[in-house]
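Report on the following structure.
The values are calculated or read from the model by the stated rules, or taken from the named source; none is laboratory data. A quick note: this is a predicted structure, and the numbers were derived from the prediction, not measured. Glycine also receives a Cβ, built like all others from the backbone with ideal geometry; neighbour counts cover every protein chain displayed.
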Amino acid sequence: MSHPNRDVPASGPPQQKIRQVTVLYRALLGRQPDPKALEVHVREDLQTVAHKILNSQEFRQSGKHQPALSGNGNDIGPVDVERVVYLHIPKCGGTTLHALLAAWYGAGTVHPERLNRLNRYSAAAMTPYRVFSGHYDYYSTCLIPGQRRLVSFLRDPRDRLISLYHFHRAHRPEFVEQQNLVLARWAVRLDIDAYFANETVRAHLAVNNSIARHFSDVPQFGHLWNGAPDPRQDDISLMRDQALKNLARFDFVGFMSDYDASVARLAELLGKPPVAQIEAKQTLEGLMQDNPNMRRIEKQTPSAETLSQMEELVIHDRTVYDAARERFAPGAADPGAGSA
């Protein structure tokens with residue numbers, strides 16, 4: 001039985017593969033692929049294509065290449081070392097888990113990239129690190145060399161959006177304007193019912209079925225909360241189906257609804273000591289008290305009508321969430337069973 005995270009040839013309609021390769025070229029090289037390269041790439045898996053680009057002279061000369069960030073800058077670790085990769089969906093207890101991973105493996109083994117910018121690093125720059133933890137999408141995790149143990153934590157999709165609203169609303173207005181935080185600007189201005197009725201908010205990729213998007217094959221480089229919403233009109237139903245396929249490649253998914261038990265299961269899976277007491281990091285209460293860019297707010301309860309309307313924003317997220325619970329929640333079948 002092969003490892004579930006090993007590369008497999010991409011499948012699907014040729015037009016879909018051409019589109020994926022084109023997006024990859026635009027993201028990494030800022031241009032369209034030439035016809036001869038495209039003819040070769042459509043027969044390769046996306047990780048192979050990405051590695052070719054990242055190790056090309058054109059990419060190294062583009063200014064996006066980053067040297068290794070450990071030791072004297074020349075350290076290159078073994079490519080075939082197993083790496084733990086945490087796909088951190090916002091407002092799912094990720095900062096707490098990041099701290100636990102750093103404690104288990106050592107802070108120096110954790111790659112410093114926390115945002116969705118792994119495409120800026122060469123494969124050689126990533127090999128010194130054993131742990132990758134950040135707001136990545138699944139697409140970016142495929143750029144990490146070697147065998148990967150993919151992990152994530154999820155939360156009820158509607159509860160996640162409510163938490164995201166309160167987090168954004170708690171930002172001080174002057175900080176929001178200084179950093180151009182688009183979603184936080186709307187959250188500061190609007191109460192929770194008006195916020196989730198606002199068409200700009202509802203169309204934003206960090207709100208509209210964001211979980212399915214991040215688990216899909218489509219790069220989510222525009223997912224950050226500052227700047228304009230990403231104008232791409234990708235097929236969200238297709239991304240949901242891709243997300244369900246990619247979910248099968250994960251070794252572990254934990255849940256906010258039973259966080260302590262999920263952490264205990266993850267520790268056992270990774271062969272790490274159990275955690276006697278989990279110290280929650282970046283809680284809203286703590287941020288409102290200690291972060292100078294945050295302010296104290298009162299939490300709001302959405303109306304029944306708003307809760308119903310929010311289901312449209314998480315309909316595909318909920319499919320992915322329910323599939324993850326069926327596969328990884330306590331009592332579920334062995335997630336490794338049937339992997340090929």
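Return the residues of segment 83-126 that are modelled with pLDDT under 90, over 30 Å from Pro157 (Cβ atoms) and in contact with a strand residue (DSSP E or B) (Cβ under 6 Å, 6 or more places away or on another chain); say none if nothing qualifies.
Hits for segment 83-126: nothing passes.
Which pairs do you get when a residue that is over 15 Å from Val201 (Cβ atoms) and loosely packed, with under 12 Cβ neighbours inside 10 Å, found in segment 295-315, comes within reach of a residue that is of a type in the set (Asp, Glu) and at pLDDT 95 or above, reach meaning Cβ atoms under 8 angstrom, with the pair 6+ apart or on two chains?
From segment 295-315, the pairs are Glu305/Asp193.
Got a number for residues in segment 76-110 being in a loop (DSSP other than H, G, I, E, B) and free of Cβ contacts under 8 Å to residues at least 40 places away in the same chain?
Qualifying residue count, segment 76-110: 1.
Looking at Ser140, Ser133, can you tell me which residue is buried (at least 23 other Cβ atoms within 10 Å of the Cβ), over 23 Å from Gln20 (Cβ atoms) and among the hydroxyl-bearing types (Ser, Thr, Tyr)?
Values: Ser140 fails: over 23 Å from Gln20 (Cβ atoms).
Every option except Ser133 fails the conditions.
Hey, can you tell me all the residues within segment 285-307 that are more than 12 Å from Arg169 (Cβ to Cβ) and modelled with pLDDT of 95 or more?
If we filter segment 285-307 for residues that are more than 12 Å from Arg169 (Cβ to Cβ), which is where we start, we get 285-286, 289-293, 301-307.
Those that are more than 12 Å from Arg169 (Cβ to Cβ) and modelled with pLDDT of 95 or more: Thr301, Pro302, Ser303, Ala304, Glu305, Thr306, Leu307.
Go through segment 163-216 and report how many residues are touching a residue at least 24 places away in the same chain (Cβ under 8 Å), aliphatic (A, V, I, L, M) and either outside any helix (DSSP H, G or I) or outside the structural domain of Ser237 (by TED's automatic domain parsing) (or both).
Pass one, segment 163-216, residues touching a residue at least 24 places away in the same chain (Cβ under 8 Å): 163-172, 175, 179-184, 191-193, 195-197, 200, 202-216.
Of the ones still in play, those that are also aliphatic (A, V, I, L, M) are 164, 170, 181-184, 192, 197, 203, 205-207, 211-212.
If we keep only those that are either outside any helix (DSSP H, G or I) or outside the structural domain of Ser237 (by TED's automatic domain parsing) (or both) too, we end up with 170, 181, 205-207.
Adding up the residues that qualify gives 5.
Can you tell me which of (1) surrounded by 15 or more Cβ atoms within 10 Å (Cβ to Cβ); (2) modelled with pLDDT of 75 or more; (3) part of a loop (DSSP other than H, G, I, E, B) is the one His65 doesn't meet?
(2)
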